[in-house]
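Asks: Before we start, here is the structure in question, set down as structure tokens.
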Amino acid sequence: MSQTSFINARIATPDGRLITGTLTCDGETITAIGDHAPAGEIIDIAGGYLLPGFIDTQVNGGGGVLFNDETNAAGIAAIGKAHRPYGTTAFMPTLISDELSVIDAAMRATEDAIAQGVPGVLGIHIEGPFISTQRKGIHNPEMFRTLDAESKALLKSLKRGKTMVTLAPENCTPEDIAELAQAGVILAAGHTNATYETTVEALKAGITGFTHLFNAMSPFTHRAPGVVGAALEDQTSYTGIIADGHHVDWAALRIALRTRPLNRFMLVTDAMPTVGSDTKTFVLNGQTIIVRDGVCVGPDGTLAGSDLDMATAVRNTVNHIGRTLAEAAIMAATAPAHFLGLGSSRGSLVIGQRADIVWMDNDLQMKGTFIGAKSEEVLAA
């Protein structure tokens, strides 16, 4: 195998520190970190930062492609390619509420993409249609349905990769949740108007995540803690946050991050086709969505995903939420890897793990993205 050494680097550790030294890979695997002699191809990081490759569990589109419209391996590949310059080395293409036939096509496309070796595809995130009309956001309520034997069988059918499903706990039973969880489906509460009590029961049954905290869920109030209260109280589930300054106020995110372990928060983009594209409009459910002041909105101003990339989310976590870069890396890579059950093989810069690496300069601007130590995107100095 070929060796690669990244020298003169500040390297993020899984415990939220930065160490100075060299990181060496043999093939796709990290083999040495710290003070050692470099070997093989030398890449000089020039005092910049090496972070674990970002893992985005909520990617609706990119590069002008919306997954709902292109449920094929080529569409998934185009989305992944659009996000790689921003440090995303692995992702879950995300399907917005649609017919079961479209969900089926999207799942088969995901299997195909993984079989073809499309870089970074970990599985599929099915966001709806098992969600709440009261908290629908931009989703089309005509698509909504409850879980039944047919839909549960479909959700359990992926042959390659991980299946993540966002659902409203009030629209199903704890037995439904347990059945899917026991089959290996990763479940997140989202687009839900559930009570605090219903959400706690769903956590006990097998929910392990929350989709875009605060957005499209019953809020925290002093007499009705809601889904937000249940999410902030629980110390073991994983919570996605959209750090763009539009979906959630920075103060709310700073407060949230004080309530539970940092490694249970995940940065997500909720990205739409506008990311990595010069075209800042697209059509969703027959509505024209535009980017206004950095956020995607429908004709009535409803939030419709984001124009956010992971590199910007990381910078925002440092600059607006007040976390260190190494802590932001935990939220962008380590936490989502563990949420997906992949923490033993990726999500951290440690010996033995996959060499998915992000290079940022001193100003936290992207310099390179490496998947399995292979340069996928290296930006000009």
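Asks: Using the alpha-carbon centroid of each, what span in Å lies between the range 228-271 and the range 100-116?
Replies: 30 Å
Asks: Counting pairs of alpha carbon atoms under 8 Å apart in space and at least six apart in sequence, what relative contact order in percent does the range 203-305 give? Intermediate values should be presented prior to the final figure.
Replies: Numbers: 127 pairs, mean separation 19.2, N = 103.
Relative contact order here is 19 percent.
Asks: Counting only other residues whose beta carbon sits under 15 Å from that of Leu257, what net charge do I get with K and R as +1, D and E as -1?
Replies: On the way: positive: Arg254, Arg258, Arg260, Arg264, Arg323; negative: Glu233, Asp234, Asp249, Glu327.
Every neighbour counted, the sum reads +1.
Asks: Ok, one more. What is the distance in Å between the Cα centroid of the range 135-150 and that of the range 1-54?
Replies: So the separation of the two Cα centres works out to 45 Å.
Asks: Placing +1 at every Lys and Arg Cβ and -1 at every Asp and Glu Cβ, with all other atoms neutral, what dipole size does the range 247-381 have around its Cα centre, in debye to the nearest 20? Walk me through the numbers on the way to the answer.
Replies: Numbers: 12 positive and 13 negative charges, 110 e Å.
Approximately 520 debye in magnitude.
Asks: While we're here: About the Cα centre of the chain, what is the dipole size in debye to 20, counting +1 per Lys and Arg Cβ and -1 per Asp and Glu Cβ, all else neutral?
Replies: Details: 27 positive and 40 negative charges, 127 e Å.
The calculated dipole for the chain is roughly 600 debye.
Asks: Can you tell which of Thr195, Thr31, Ile371 lies farthest toward the positive end of the dipole of the chain, using +1 and -1 charges on the Cβ of basic and acidic side chains (Lys, Arg; Asp, Glu)?
Replies: About the Cα centre, the residue reaching furthest to the positive side is Thr31.
Asks: Still on this model: Divide by every residue of the chain the summed helix terms, -39500 (n - 2.57) for each DSSP H run of at least 4, and state the resulting mean residue ellipticity at 222 nm, rounded to the nearest 500 deg cm²/dmol. List each step's numbers first, then the result.
Replies: On the way: 10 runs with 89 residues, N = 381.
After summing the helix terms and dividing by the residues of the chain, the value is -6500 deg cm²/dmol.
Asks: Straight-line reach from Lys204: which aspartates and glutamates fall under 13 Å, measuring Cα to Cα and dropping same-chain residues less than 8 apart?
Replies: Excluding near neighbours in sequence, the set is Glu175, Asp176, Glu179, Asp234.
Asks: Determine ³J(HN,Hα), in whole Hz, for all residues of the range 155-168 in sequence, where each value follows from phi through the Karplus function 6.51 cos²θ - 1.76 cosθ + 1.60 and θ = phi - 60°; x replaces Gly and Pro.
Replies: So the J values, rounded to whole Hz, are 5, 8, 9, 5, 8, 9, x, 9, 10, 10, 10, 9, 9, 9.
Asks: Something else now. Can you tell me which of Asn193, Asn319, Asn68 moves the most in a GNM of the chain? Springs connect C-alpha atoms under 10 Å apart.
Replies: Comparing Asn193, Asn319, Asn68 in the GNM, the peak value goes to Asn319.
Asks: Run the 1.4 Å probe and let me know the accessible area of Ile19, rounded to the nearest 10 Å².
Replies: Surface open to solvent at Ile19 totals about 50 Å².
Asks: Counting only C-alpha contacts under 8 Å and six or more residues apart, can you give the relative contact order of the range 142-203 as a whole percent?
Replies: Numbers: 62 pairs, mean separation 22.4, N = 62.
Once normalised by length, the contact order is 36 percent.
Asks: Rounded to whole Hz and in sequence order, give me ³J(HN,Hα) for the range 248-258 from the Karplus expression 6.51 cos²θ - 1.76 cosθ + 1.60, θ = phi - 60°, writing x for Gly and Pro.
Replies: These are the phi-based 3J(HN,Hα) values: 9, 5, 4, 5, 4, 5, 4, 5, 4, 5, 8 Hz.
Asks: Beyond 32 Å between alpha-carbons counts as too far, so tell me which of Lys81/Lys156; Lys152/Lys367; Lys280/Lys367; Lys156/Lys367; Lys136/Lys367 fall in that bin. Spell out each step's value before the answer.
Replies: Values: Lys81/Lys156 28 Å; Lys152/Lys367 43 Å; Lys280/Lys367 24 Å; Lys156/Lys367 39 Å; Lys136/Lys367 38 Å.
Violating the 32 Å limit, Cα to Cα: Lys152/Lys367; Lys156/Lys367; Lys136/Lys367.
Asks: With unit charges on the beta carbon (Lys/Arg positive, Asp/Glu negative), name the residue among Ile321, Ser345, Leu267 whose Cα is farthest towards the positive pole of the charge dipole of the range 226-381.
Replies: It is Ser345.
Asks: So who's got an amide H within less than 5 Å of the one on Gly372, skipping anything under 5 residues away but keeping other chains? H placed 1.01 Å off N, in plane.
Replies: Amide H to amide H, under 5 Å and 5 or more residues apart or across chains, Gly372 pairs with Ala355, Asp356, Ile357.
Asks: Round to a whole number: what % of the accessible area of the chain belongs to carbon and sulfur, probe 1.4 Å?
Replies: 48 percent
Asks: Right, something else. At a threshold of 8 angstrom on Cα-Cα distance, excluding pairs fewer than six apart, so keeping six or more, what relative contact order does the range 1-111 reach in percent?
Replies: Working: 203 pairs, mean separation 24.9, N = 111.
In percent, rounded to a whole number, it is 22.
Asks: Still on this structure, please answer the following. Please list, ordered by chain and number, the residues whose modelled amide H lies under 5 Å from the amide H of Asp56; skip anything fewer than 5 residues away on the same chain.
Replies: Ala90, Phe91, Met92
Asks: Hey, another quick one. Hey, got the dipole for the range 154-268? About the Cα centre, +1 on K and R Cβ, -1 on D and E Cβ, debye to the nearest 20? Walk me through the intermediate numbers first.
Replies: Working: 10 positive and 10 negative charges, 93 e Å.
The dipole magnitude comes to about 440 debye.
Asks: Find out how many positive minus negative residues lie around Ser97, taking Lys and Arg as positive, Asp and Glu as negative, among other residues whose Cβ is under 11 Å from that of Ser97. Numbers along the way, then the final one.
Replies: Numbers: positive: Lys136, Arg145; negative: Asp98, Glu99, Glu127, Glu142.
Within the 11 Å Cβ shell, the charges total -2.
Asks: Here's a follow-up. Among DSSP bridges having both ends in the range 191-293, what percentage is antiparallel? Round to the nearest 5. Walk me through the numbers before you get to the answer.
Replies: Values: 4 of 10 bridges.
That works out to approximately 40 percent antiparallel.
The values are calculated or read from the model by the stated rules, or taken from the named source; none is laboratory data. This is a predicted model, so every value here is computed, not measured. Using ideal geometry, Cβ is built from the backbone for each residue, glycine included, and neighbour counts are taken over all protein chains shown. Only protein heavy atoms, including side chains, enter the accessible area calculation; ligands, DNA and RNA are left aside. Shrake-Rupley method; radii C 1.70, N 1.55, O 1.52, S 1.80 Å.
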